[in-house]
Every structure is written in C-alpha cells, then in structure tokens.
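The values are calculated or read from the model by the stated rules, or taken from the named source; none is laboratory data. Note that the structure is a prediction, hence the values are computed from the model and not measured. Counting neighbours? That spans all protein chains shown, and the Cβs are built from the backbone with ideal geometry, glycine included. Heavy atoms of the whole protein, side chains included, go into the accessibility calculation; ligands, DNA and RNA do not. Shrake-Rupley method; radii C 1.70, N 1.55, O 1.52, S 1.80 Å.
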Amino acid sequence: MFKILQKTFSVGSATADYPHLAPHLSEQFRGCPEFDFDAWSDARPAADACPTGAIAVRDRDGVRQVTVDFGRCIFCGECEQVSAGTGQKNPVRMTQKFELAVTDRRVLILRAEYTLRPDGSHAELQKVTSSPIAEEPGKRIQAAIQNLLGRSLAIRQVDAGSCNGCEQEIVALNNPIHDIQRFGIHFVASPRHADMLLVTGPVTRNMELALRKTLAATPDPKVVVAVGACGISGGIFGINYASMGGVDAVIPVDVYIPGCPPRPEALLQGILLALGRVWHRLGSHPHKLGMRELLPPPRPDSMF
Ligand code: SF4
Ligand code: SF4
C-alpha cells in the first residue's frame with residue numbers, strides 16, 4: 001500500500017491540461033497543410049497527387065479556380081512533397097495545426113483564383129475566398145468549458161462505416177492522459193441516454209437506416225458531430241456503390257471535426273464546440289431550464 005502511494009505521488013497526475021494548455025506534440029505529428037496562395041506557381045501537381053480530391057483545379061477562359069477542402073483532407077503531405085520542386089519557396093507546407101472543428105461545413109473550403117500563363121502555370125492571384133478554418137474563437141470554447149461543470153454530457157458513438165482509426169482516438173479520450181470524464185462527459189451504450197451522437201466513417205449504405213433510427217431515438221435537444229475526413233465528406237472512400245459519403249448526406253450535422261483520424265485533443269475541441277450548440281438551442285444554461293424535463297418520452301416504434 002505504501003509503495004502504491006509512493007509511486008502515485010512520485011508520478012503525479014498523468015492527465016494533460018488541454019484545452020487550458022497547448023498539448024505536447026511529437027515532432028512527427030502532422031496536422032493540416034497551409035497554403036501560400038501568393039507564392040503558388042502551379043496547383044496542378046498538388047491536385048494530381050491529392051488522393052482524396054481535397055485540392056481541385058478548374059480552368060476556364062484563362063482563369064484557374066483552385067479549391068482546397070479541409071473536410072476531405074487526410075493530412076497525408078503529398079501536396080507538400082510535389083509542390084517542393086515547383087518553386088523556390090514551397091507554397092504548401094504541412095503544419096501541426098489540428099484545432100479545426102467548425103459548425104459550418106463551408107468554412108472548411110478555400111477558393112483561390114489565378115490568371116494563367118500559356119504553359120498553364122499561375123500568372124497572378126486574383127482573389128482568395130473564405131477564411132481558413134478557426135471559425136470559432138477560443139473564447140466560446142472557454143465559456144463552454146465553464147458551463148460544462150454544470151451538468152454531464154452523454155455521448156453515443158456511432159460507427160457508420162469507419163476504418164476504426166477514428167475509434168482508436170475516441171477510445172483514447174477515456175484514458176488517463178485525456179480523461180474526458182473530468183469534464184463530466186461520458187460515453188453511453190444507447191442513443192436513448194445520449195445528448196450527442198459522435199459519428200465516424202463514411203456512411204455505408206448498409207448503415208444508412210441504422211443511422212437515421214439512431215438519430216430518431218436520441219432525445220432532443222441533441223447534437224450530431226461528424227468525425228474525421230470520412231465523416232465530413234467520405235474522405236478516402238468518397239461516394240460509391242457502398243458509401244453515401246459524409247454524415248450530412250444522411251442526417252443533419254452540427255459540428256465537423258477534420259482529420260484522419262483527428263487526434264484526441266481535436267475531438268475534445270469539437271465536442272466542446274458542439275456543447276455551445278446545445279446551450280444555444282436551449283436558450284440558456286441547461287441547469288436553469290431543468291433540461292431533463294424538456295426531453296420527450298421514449299418512442300416505442302424505435303429499434304433501440
Ligand atoms: S495533405 Fe490533404 S490536401 Fe494535401 S495531398 Fe494530402 S489529402 Fe490532399
Ligand atoms: S477519417 Fe481516416 S481514420 Fe477516420 S475512418 Fe476515415 S480513413 Fe479511418
């Protein structure tokens with residue numbers, strides 16, 4: 001017993017202080033790419049190399065529109081590699097940014113327009129539209145954390161067809177390092193007990209009905225969080241005979257968490273962002289409203 005106590009005190013707390021403090025990131029960790037649109041002399045090699053179509057080019061009347069969709073990006077780094085040889089300064093650079101969760105899917109898409117030279121390279125940057133991610137300021141998340149202590153949040157995780165990479169990171173949320181329960185957040189086995197659906201994977205056609213029924217079985221007010229490139233857009237799997245693409249192709253989504261897979265801190269950021277949506281729908285702090293009274297009775301026709 002004494003030895004256990006001695007070890008406990010010598011090791012201290014293993015739990016990370018995120019989101020109050022920045023997480024410790026390994027040098028190998030790769031976040032999203034960053035684009036210097038002014039310095040980008042030709043987007044075609046990156047578009048050709050991108051395995052998910054996150055970078056797309058469309059030429060029309062001597063003008064090229066380049067689209068970068070962070071909701072499709074799997075952070076593979078191919079665009080950085082192929083762009084390295086196309087100019088003196090690499091216009092595409094992989095970063096360690098991972099706090100990318102947004103409530104509006106459109107915010108994840110950047111568009112740049114270039115006039116073209118005869119050889120197809122970029123002559124001049126005309127405009128860049130949409131702001132790069134970071135839609136939600138840290139302030140709102142901080143407020144959500146403070147409010148969090150007022151009640152618990154129950155999450156039902158739904159695997160709609162993922163490769164299980166996202167699940168590995170979700171499982172890590174429960175370990176002593178990330179310890180999501182310190183926020184009063186816990187995972188439940190039934191959507192009937194859930195406030196939030198955390199959905200991973202492209203939605204396979206076999207899972208479409210189950211996903212719809214899971215949403216119907218979740219009491220209001222509820223939020224849906226789409227996890228990873230697959231959950232947002234279908235990711236590397238896309239849309240095909242077996243996959244319907246992103247979660248919002250089947251049910252409405254409140255928060256999108258990019259990544260492949262998103263690291264646990266990125267998941268936590270997205271979950272906290274989603275909490276803001278719950279309170280927004282309630283119009284106030286749930287404690288003041290007596291949230292449980294607002295919940296509808298169970299639906300007997302559900303499969304759950
Ligand atoms: S890092 Fe993203 S944008 Fe770049 S090639 Fe990979 S998937 Fe495409
Ligand atoms: S986003 Fe990546 S890790 Fe997550 S299910 Fe899709 S392929 Fe797997």
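Averaging 1/r across all pairs of distinct Cα atoms in the range 174-216 and inverting the result yields a Kirkwood radius of 12.3 Å. Over the range 1-134, the alpha carbon radius of gyration divided by the compact-protein estimate 2.2 N^0.38 Å works out to 1.45. Here the accessible area of the range 1-99 is 51 percent carbon and sulfur, with a 1.4 angstrom probe and all protein chains present. In terms of distances greater than 32 angstrom between alpha carbons, the cross-link table entries K97/K222; K127/K213; K97/K127 yield K127/K213. Label point of T95 set 7 angstrom out along Cα-Cβ; within the range 10-50, amide nitrogens under 11 Å from it belong to 31-36. Taken per residue, the accessible surface of the range 219-272 reaches 26 Å², heavy atoms only and a 1.4 Å probe. With r as the distance between the Cβ atoms of N240 and T129 and R0 = 25 Å, compute the FRET efficiency 1/(1 + (r/R0)^6) and round to 0.05. Taking R0 as 25 Å, the efficiency between T129 and N240 is 0.25.
Approximating the spin labels as points 7 Å out from Cα along Cα→Cβ, the R111-to-S10 distance works out to 6.2 nm. One equal scatterer on each Cα of the range 1-45, no solvent, Debye formula: the resulting log10 I(q)/I(0) at q = 0.19, 0.27, 0.30 Å⁻¹ is -0.85, -1.00, -1.07. With the simple model of a label 7 Å out from the Cα in the direction of the Cβ, F29 to L209 spans 4.2 nm.
Taking every protein chain into account, the accessible area of the range 154-215 amounts to 42 square angstrom per residue (probe 1.4 Å).
Here the Karplus relation 6.51 cos²θ - 1.76 cosθ + 1.60, evaluated at θ = phi - 60°, turns the backbone of the range 158-163 into coupling constants of 10, 8, 8, x, 6, 7 Hz, with x for every Gly and Pro.
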